[in-house]
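*Asks:* Once you've had a glance at the structure underneath, I'll fire off some questions.
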Amino acid sequence: MTAVISLESPVIDAALLSRRETVILYFGAPWCGPCRSMSPMLAGVADAHPEKILLVKINIDEHPDLVTSEGISSVPVVKIYRDGALTQTLLGAVMRDEMVRALEV
């Protein structure tokens, strides 16, 4: 199973958030310096645990409606969902060890 996907749809589907894996919604942008360093770290964490984590990358430039509906005012932002419920939101750049602790993997 793929551990990392890019959101193509302009809507975050409830079925996506309710998957058995922990779902990470990662809001970023190619022009954002902290996002450029966080993106490979998040992909590495997800790839190390493909049975437990699904990383959904969301480019805020391509999905402005999601930026508004999700209340995103700066990037990077990570939202962690378990069983369809938002369990944690991380604002700004985070280090790998902080992300692993947040994901409990």
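*Asks:* Of (1) in contact with a Gly (Cβ under 6 Å, 6 or more places away or on another chain); (2) under 15 Å from V11 (Cα atoms); (3) β-branched (V, I, T), I60 satisfies all except one. Which?
*Replies:* Unmet condition: (1).
*Asks:* With respect to P76, determine if the residue is surrounded by fewer than 11 Cβ atoms within 10 Å (Cβ to Cβ) and under 14 Å from the mean Cα position of the chain (by Cα).
*Replies:* For P76, the condition - surrounded by fewer than 11 Cβ atoms within 10 Å (Cβ to Cβ) and under 14 Å from the mean Cα position of the chain (by Cα) - is not met.
*Asks:* Starting from the stretch 73-102, keep only residues that are closer than 13 Å to L17 by Cβ, then list their pairs with residues that are among the aromatic types (F, W, Y) and surrounded by 17 or more Cβ atoms within 10 Å (Cβ to Cβ) whose Cβ atoms are within a distance under 7 Å, requiring at least 6 positions of separation or different chains.
*Replies:* T87/Y81
*Asks:* Against the conditions (1) under 10 Å from the mean Cα position of the chain (by Cα); (2) surrounded by 14 or more Cβ atoms within 10 Å (Cβ to Cβ); (3) modelled with pLDDT under 90, where does I5 fall short? Just the number, please.
*Replies:* (2)
*Asks:* Taking the stretch 15-56, which residues are within 18 Å of G71 (Cβ to Cβ), among the small types (G, A, S) and either assigned to a loop (DSSP other than H, G, I, E, B) or at pLDDT below 85 (or both)?
*Replies:* The one that is within 18 Å of G71 (Cβ to Cβ), among the small types (G, A, S) and either assigned to a loop (DSSP other than H, G, I, E, B) or at pLDDT below 85 (or both): A29.
*Asks:* Which pairs turn up if I take residues in the stretch 1-28 that are in contact (Cβ under 8 Å) with a residue 40 or more places away in the chain and look for partners that are surrounded by fewer than 10 Cβ atoms within 10 Å (Cβ to Cβ) with beta carbon separation below 6 Å, at least 6 apart in sequence or on another chain?
*Replies:* Close Cβ pairs (under 6 Å, with a partner that is surrounded by fewer than 10 Cβ atoms within 10 Å (Cβ to Cβ)) amount to P10/D65.
*Asks:* Further question: Restrict the check to the stretch 30-39 and report whether at least one residue is charged (D, E, K, R) and touching a residue at least 12 places away in the same chain (Cβ under 8 Å).
*Replies:* no
*Asks:* Next up: Could you give me the residue pairs with C-beta distances under 8 Å whose first residue belongs to the stretch 42-64 and is closer than 9 Å to I24 by Cα, whose second residue is small (G, A, S) and exposed (fewer than 15 other Cβ atoms within 10 Å of the Cβ) wherever it lies, and which are 6+ apart or on separate chains?
*Replies:* Short answer, once both residue conditions are applied: V56/S6; K57/S6.
*Asks:* Here's a follow-up. Among the residues of the stretch 53-73, what is the count of those that are more than 18 Å from L7 (Cα to Cα) and under 14 Å from the mean Cα position of the chain (by Cα)?
*Replies:* 0
The values are calculated or read from the model by the stated rules, or taken from the named source; none is laboratory data. From a predicted model like this one, the values you see are computed outputs, not experimental measurements. Positions of Cβ are generated from backbone atoms using ideal geometry, with glycine treated the same way; all protein chains shown enter the neighbour counts.
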